[in-house]
1. Divide, for the chain, the radius of gyration over alpha carbons by 2.2 N^0.38 Å, where N is the residue count.
2. Working out 0.36 nm times the residue gap between ALA22 and ARG39, then minus their Cα-Cα distance, what length gain in nm do you get to one decimal?
3. For LEU32, what charge total do you get from the other residues with a beta carbon under 11 Å from its beta carbon, if Lys and Arg give +1 and Asp and Glu give -1?
4. With 10 angstrom as the radius, rank GLU75, GLU53, GLU5 by how many other C-beta atoms surround their C-beta, starting from the fewest.
5. 7 Å from Cα along Cα→Cβ at both GLN29 and ALA60: what's the point-to-point distance in nm?
6. Helix-only estimate, please: 222 nm mean residue ellipticity of the chain, summing -39500 (n - 2.57) across DSSP H runs of length 4 or more and dividing by its residues, to the nearest 500.
7. Note down the net charge around ASN68, summing +1 for each Lys or Arg and -1 for each Asp or Glu among other residues with Cβ under 14 Å from its Cβ.
8. Once the piece of chain linking ASP47 and LYS10 is laid out straight, how much longer is it, given 0.36 nm per residue of separation minus the C-alpha distance between them?
Amino acid sequence: MQLLEALNGKWVRVLRVEGDRALKNRLAQHGLYPGDLVRVLRTAPLDGPLLVEANGREIAIGRSVAENIFIEDIE
């Protein structure tokens, strides 16, 4: 399942990130790694970014990036 499909407020685990090294490095700079728990706080309207919480930080992730982040439900 992609991060885009996560329900607001629900905790999920990042399984993997698909994409080039630049994308993975950018997410690592924000402290987002496979195995981390994340929660979608808000989804902006009109194809705007997702605001997620990960490791005590809030991170805005564009939809094109979020579709490359694969997750699993933890509940």
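No value in this document is a laboratory result; all are computed from the given coordinates. In this text, all values refer to a predicted model and were calculated from it rather than measured experimentally. Using ideal geometry, Cβ is built from the backbone for each residue, glycine included, and neighbour counts are taken over all protein chains shown.
1. Against the empirical 2.2 N^0.38 Å value, I get 0.97 for the chain.
2. Going from the current span to full extension adds 3.8 nm.
3. +1
4. Exposure proxy ranking, most exposed first: GLU75, GLU5, GLU53.
5. 1.5 nm
6. It lands at -4000 deg cm²/dmol.
7. +1
8. Here the answer is 11.3 nm.
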